[in-house]
Amino acid sequence: MQDLSKAKRIRSIIAASSGNLVEWFDFYIYAFTAVYFAKQFSDSSDPTIQQISAFGIFALGFLMRPIGSWLFGSLADKIGRKSSMVISVILMAIGSFMIAAIPSKESIGDFAVLLLLLARLIQGLSVGGEYGIAATYLSELATEGKRGFYSSFQYVTLIGGQLLAVASISIMLLFFTEQEMRDYAWRILFIIGGLLALGSLFVRAIMHESAKELHKHEDRGTLKALFSTSWRQFLLVLGITAGGSLAFYTITTYTKTFMINSAGIDSSISNNIMLFSLFILMILQPIFGALGDKIGHRNFLLIFAVLALIFIYPLFMALMAAPNEYYAFLAILALFVILSFYTSVAGIFKAKLFPEHVRALGTGFGYAIPNAIFGGSAPWVGLQFKNAGFEDGFFLYIAIMMFIVLLVTIILPKKGELE
């Protein structure tokens, strides 16, 4: 991609990033609207049990990510990054329209829950493929010395998707009451998400292909090629992503539930706190990405592991004891700064470990497996610990995983395939 002009490179980054933003908006709108629609898919009258059921389906959707990363990563290494990204966004649109149209459990019984699960599995398949391809595409598009900066835009749009999801709820609450949101208005957001996904197809048409030498490898995009050449690198990605994903979903997704259920903060205020915090987190990504290029991506991961190990628990306790929303905002902001040491370089550290002909597969598959197990389950596991009366156990679990991230990061190679 060194022969690509700066203008074409920037257009390709915008095109890839805009599609990535839409995919993650569609995926995250589920997590942030679950408090409104959970009752429609549960027999229980207990709000915590209702949310456990809704987030259980949220976690199951993550189980499709490894399949999606294998399917789309393999396609990206065989036919190119661009074509694979177009197919993935079509699937996301289908899943969003399905959720918008599913009747409640009161209307069609357990079939409603099965349809909701099917829609989330389709979306999980889509976003499982999107992550690895986007990380690979942006890392290949970048120039030497700016790979962290360029790659950070994956999380700019990933977090932007979350931000857009939270903002959309704040906007909806200006026009609909809490009860109207629970009755029907939440469906509007999934319709909008589906339409945005279809619209992003036109934007991605201007993308330029980033892979240039795939044809040289007949076994490109296969698990055999991946494990025969890069099995050590694959294990390293698994180890770091397990803890990184757990931290990411705990801090960006479970935090809002924690504010409402454990800290006793009003849902509307919690939504606004997350809105401003996510905006700052998004802005931090390119800043931290550029800084990571200067001091080293591996060093950034080490800083993240140490800070997360030491400070996640006390910051959540500070959030619980916050006397007002301003103190709660500061606690969440501190968590987001810690997280930025991971998110700003997460894509590039994975992608640069693998050679081109298995890069999308290795990056995506190595991310999706631990993400499905540890990331998607984070809100559900946190709620289970709370329901059992041992909420501190969840943070002990996080600390153990952060220690594993620290150990694995220490043995990361100092140079990768892209350098």
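A few remarks follow.
- For region 122-255, the relative contact order is 18 percent, taking Cα pairs closer than 8 Å that sit 6 or more residues apart in sequence and dividing their mean separation by the residue count.
- Membrane-span-like helices in the chain, defined purely by DSSP H runs whose alpha carbon atoms cover 24 Å or more axially and whose average Kyte-Doolittle hydropathy reaches -0.5, are 6-37, 81-101, 111-141, 147-175, 186-204, 223-249, 267-295, 297-320, 325-351, 392-410.
- Cross-link pairs exceeding 20 Å between alpha carbons, from the set Lys39/Lys256; Lys82/Lys224; Lys8/Lys415; Lys8/Lys350; Lys146/Lys224: Lys82/Lys224; Lys8/Lys415; Lys8/Lys350; Lys146/Lys224.
- 16 Å Cα-Cα reach of Lys414 towards aspartates and glutamates, excluding residues that sit fewer than 8 places from it in its own chain: Glu144, Asp293
- Ordering of 248-256, 262-270 by burial proxy (mean other Cβ atoms within 10 Å per residue, highest first): 248-256, 262-270
- Trypsin sites (Lys or Arg not before Pro) within region 331-419: DSSP coil, no more than 12 neighbouring Cβ in 10 Å: Lys414, Lys415
- Cα-centred dipole magnitude for the chain, charges only on beta-carbon of K, R (+1) and D, E (-1), debye, nearest 20: 1260
- Under conditions of 10 °C and 1.306 mPa s, region 71-121 yields 128 µm² s⁻¹ as its translational diffusion coefficient, taking Rh as the Kirkwood radius over Cα pairs in the Stokes-Einstein equation.
- From its DSSP helices (H runs of at least four residues, each -39,500 (n - 2.57)), the chain gives a residue-normalised ellipticity at 222 nm of -26500 deg cm²/dmol.
- Dipole axis of the chain (+1 Lys, Arg; -1 Asp, Glu on Cβ), positive-most option in Asn271, Gly160, Pro47: Gly160
- Of the GluC sites (Glu not before Pro) in region 126-177, the ones in a loop by DSSP (not H, G, I, E or B) with at most 13 other beta carbons within 10 Å are Glu144.
- Region 278-293-region 342-419 distance, computed between alpha-carbon centres (Å): 19
- Most fluctuating residue given options Ala318, Ala134, Ala54, as computed from a GNM of the chain linking Cα atoms under 10 Å: Ala318
- Most positive-pole-ward Cα, Trp70, Thr241, Phe149, against dipole of the chain from beta carbon charges: Phe149
- Dipole magnitude for region 11-115: computed about the Cα centre from +1 point charges on Lys and Arg Cβ and -1 point charges on Asp and Glu Cβ, it is near 540 debye.
Every number in this text was worked out from the coordinates using simple rules, so none of it is lab data. Computed from a predicted model, the values in this text were never measured in an experiment. When we count neighbours, we look across all protein chains shown, and the Cβ atoms used for this are built from the backbone with ideal geometry, even at glycine.
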